[in-house]
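Participant: Have a look at the structure that comes next, please.
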Amino acid sequence: MADYDVIVIGGGPGGYVCAIRCAQLGLKTACVEGRETLGGTCLNVGCIPSKALLHASHSLHEAEHNFAKMGLKGKSPSVDWKEMLAYKDGVIDQNTKGIEFLFKKNKVDWLRGWGSIPAAGQVKVDDEVHTAKNIVIASGSEPSTLPGVEVDEKVVVTSTGALSLPKIPKKLVVIGAGVIGLEMGSVYARLGSEVTVVEFLDLVTPGMDAELSKTFARSLKKQGLKFVMGAAVQKVEATKTKAKVHYKLRKNDKEDMLEADAVLVATGRRPYTEGLGLDAMGIEMTQRGQIATDHWKTNIPGIWAIGDVTEGPMLAHKAEDEGMAAAEAIAGQAGHVNYDVIPGVVYTSPEVATVGKTEEQLKDEGVDYKVGKFSFMGNGRAKAVFQGEGFVKILADKTTDRVLGVHIMGPAAGELIHEACVLMEFGGSAEDLARTCHAHPTFSEAVREAALACGDGPIHS
């Protein structure tokens, strides 16, 4: 008899959700996690702490720029950086302890330590071997870096170090204009840092709808962020307190240098599979170092993989969905993930959210589509709270009116996008959305107006 029906390796969003779902389905389950707390990168050094700092710095921005306009007079608050970091740490603590509680509630055993797979059906945690009918690898990802860039997590930092800098830098250079770089860059810009973002490509948030990306970049520039686009970083020279970032422009090979008090390397993430013993097991990998899967199954029977170690976007909610689906498949049910409806959100201010196809993808695929757009300047609620910047864009099939993609920049975009997700999950049309009554005054009315724009036209534009 095996010790467990399922052992999940990794206690991040994919792993802990998979473990809890397995337990709910009546499977005896354990989860291996070597950190002192559950929740993985997301809860400890990623999604959750960064949102805490984004909220704190946005509140400061509101006090400095908008309070007086509303008749809220008084001295602007000063920043106590240590207290802000303590608030962030408190948020982490609440969330990680919450996962521990959920494990106890669902009778999931936490095997504390780092796991490896010596053979099919076996998981070794430190010196102890546990047996399982099924093993799910959910070991997540780690920050990737560049040649010539050595990270010390003090002056040259990844997203992990950026969440705990000893002081607010006067000058911060961010390498990479993706989600992590722009979120953390906007935090420090609001706190008074001079932020310069160096990006290899010519657009911020590569892969996003190009119109949305360009509008987003303009907004960030207005907030004081500087950009050096089309630049390849050659090396970073760091001392104990300063750094020099050397880069070369791709268009003319011109070399230049930026000085900084801190450098954030935000050039993406790579699967973390170190120490698992995958080579010895003969587990098939992709060319990009991910675990190859077919419906979350690896090529070794009884071994599954989900989340950032597999192909697809490295997003916590994608990992969660796969965790649920893999658990259901292990329990003999029909696990399902709709990879065409996975939203992405950038939690800056304004927020940016997107789901489905971009215009560029539809053009490449030869799809005949129509566009419905509505600006938040036409939304009463948005104007009332100084958030009239941005728009909603809906892309629908020209013949069937089925919604193929939705792209939003504006207030609460990360919440509004889910109206589109539900619609697209059910194969809904722009007209379905346009004919659905929306409460007034709400930000979500802008989504309805964009749907109306796919037909006879919006009312408030």
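Participant: With the requirement that a residue be within 26 Å of PRO343 (Cβ to Cβ) and open to solvent by 50 Å² or more (accessible area, probe 1.4 Å), what does the range 282-292 give you?
Facilitator: Selection gives ARG288 alone.
Participant: Then there is this: How many residues are farther than 13 Å from GLY356 by Cα and in contact (Cβ under 8 Å) with a residue 60 or more places away in the chain when one looks only at the range 379-414?
Facilitator: So the answer is 14.
Participant: When you go through (1) under 27 Å from VAL79 (Cα atoms); (2) open to solvent by 10 Å² or more (accessible area, probe 1.4 Å) one by one for VAL173, which number turns out not to apply?
Facilitator: (2)
Participant: Return the pairs, sorted by first residue and then second, in which the second residue is open to solvent by 20 Å² or more (accessible area, probe 1.4 Å) and among the aromatic types (Phe, Trp, Tyr), the first residue lies in the range 131-150 and is more than 30 Å from LYS28 (Cβ to Cβ), the beta carbons are less than 7 Å apart, and the residues are 6+ apart or on different chains.
Facilitator: Filtered contacts from the range 131-150: GLU142/TYR272.
Participant: So, one more: Among GLY40, GLY98, which is without any contact (Cβ under 8 Å) to a residue 60 or more places away in the chain, under 27 Å from the mean Cα position of the chain (by Cα) and surrounded by 12 or more Cβ atoms within 10 Å (Cβ to Cβ)?
Facilitator: Only one candidate passes the filter, namely GLY98.
Participant: Additional query: State all residues of the range 236-281 that are among the aliphatic types (A, V, I, L, M), assigned to a strand (DSSP E or B) and either open to solvent by less than 30 Å² (accessible area, probe 1.4 Å) or in contact with an Asp or Glu (Cβ under 6 Å, 6 or more places away or on another chain) (or both); if no residue qualifies, say none.
Facilitator: VAL236, ALA243, VAL245, ALA260, ALA262, VAL263, LEU264, VAL265
Participant: When you scan the range 119-134, how many residues do you find that are out of contact with any helix residue (DSSP H, G or I) (no Cβ under 9 Å at 6 or more places or on another chain) and assigned to a loop (DSSP other than H, G, I, E, B)?
Facilitator: Residues in the range 119-134 being out of contact with any helix residue (DSSP H, G or I) (no Cβ under 9 Å at 6 or more places or on another chain) and assigned to a loop (DSSP other than H, G, I, E, B): 3 in total.
Participant: Separate question: Every residue in the range 293-305 that is within 16 Å of TYR339 (Cβ to Cβ) and in contact with a Ser or Thr (Cβ under 8 Å, 6 or more places away or on another chain), please.
Facilitator: Of everything in the range 293-305, those that are within 16 Å of TYR339 (Cβ to Cβ) and in contact with a Ser or Thr (Cβ under 8 Å, 6 or more places away or on another chain) turn out to be THR293, TRP296, ALA305.
Participant: Checking the conditions here, which among LYS75, LYS107 is modelled with pLDDT under 95, open to solvent by 50 Å² or more (accessible area, probe 1.4 Å) and either closer than 30 Å to TRP296 by Cβ or not in a helix (DSSP H, G or I) (or both)?
Facilitator: LYS75
The values are calculated or read from the model by the stated rules, or taken from the named source; none is laboratory data. If you're wondering where the values come from, they're calculated on a predicted model, not measured in any experiment. Quick reminder, even Gly has a Cβ in these numbers, built from the backbone with ideal geometry, and neighbours come from all protein chains shown. In case anyone asks, the SASA skips ligands and DNA or RNA and just uses the protein heavy atoms, side chains included. Shrake-Rupley method; radii C 1.70, N 1.55, O 1.52, S 1.80 Å.
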